[in-house]
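*Asks:* Here you go, one structure.
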Amino acid sequence: MAPRDRSRPGLPADAAPVRTMTVSAEHHGRDVVLTATGELDQSTSPKLSRLIRLALVDQPRRLVLDLSQLRFINSSGLGLLASTHRETAPAQLRVVAGTVVRRLLSVTDLLDMLTVHTSLEEALAS
């Protein structure tokens with residue numbers, strides 16, 4: 001029998017980690033802010049993608065993706081950011097990034113493509 005992971009009762013220690021992400025939406029005048037918390041990967045990016053498309057139906061002036069609370073992001077999440085950048089016009093896309101996301105954006109040159117801020121307040125004021 002495989003050893004159990006005490007942090008995840010009932011699961012073997014070698015079981016794949018469960019990725020979770022929550023997303024909240026707020027309206028700030030004509031701007032929409034989507035705040036993602038947790039992990040953005042191939043299993044969670046479809047959820048954020050749907051919410052982005054839904055937010056764009058309202059034709060906001062600015063769409064702010066607050067990713068500062070993400071603990072993890074992989075190539076699926078980075079691909080979603082690149083495609084969102086192309087698809088948001090005429091809305092202006094702003095990304096709020098913490099250390100984890102900013103490091104990956106820098107390595108992949110997405111930092112040069114996207115308008116990235118260090119705080120939500122800064123993104124809304126720009």
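*Asks:* Just a yes or no: is a residue in the range 24-32 buried (at least 18 other Cβ atoms within 10 Å of the Cβ) and either among the hydroxyl-bearing types (S, T, Y) or within 11 Å of the chain's Cα centre (by Cα) (or both)?
*Replies:* No, there is no match, as no residue in the range 24-32 is buried (at least 18 other Cβ atoms within 10 Å of the Cβ) and either among the hydroxyl-bearing types (S, T, Y) or within 11 Å of the chain's Cα centre (by Cα) (or both).
Yes or no, residue by residue, for (1) surrounded by 17 or more Cβ atoms within 10 Å (Cβ to Cβ); (2) touching a strand residue (DSSP E or B) at 6+ places or on another chain (Cβ under 6 Å); (3) in a strand (DSSP E or B); (4) modelled with pLDDT of 95 or more:
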| position | (1), (2), (3), (4) |
| --- | --- |
| L65 | yes, yes, yes, yes |
| Q69 | no, yes, yes, yes |
| G79 | no, no, no, yes |
| R86 | no, no, no, no |
| V95 | yes, yes, yes, yes |
| E122 | no, no, no, yes |
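*Asks:* Kindly evaluate Q59 against the criterion of being part of a loop (DSSP other than H, G, I, E, B) and either on the phi > 0 side of the Ramachandran plot or of a type in the set (S, T, N, Q) (or both).
*Replies:* yes
*Asks:* Let me ask something else about it. Can you tell me which of (1) over 17 Å from T115 (Cβ atoms); (2) at pLDDT 95 or above; (3) touching a strand residue (DSSP E or B) at 6+ places or on another chain (Cβ under 9 Å) is the one R61 doesn't meet?
*Replies:* Condition (1) is where R61 drops out.
The values are calculated or read from the model by the stated rules, or taken from the named source; none is laboratory data. Small disclaimer: the values here were computed from a predicted structure and weren't measured. Here the Cβ is made from the backbone with ideal geometry for all residues, glycine too, and neighbour counts use every protein chain on show.
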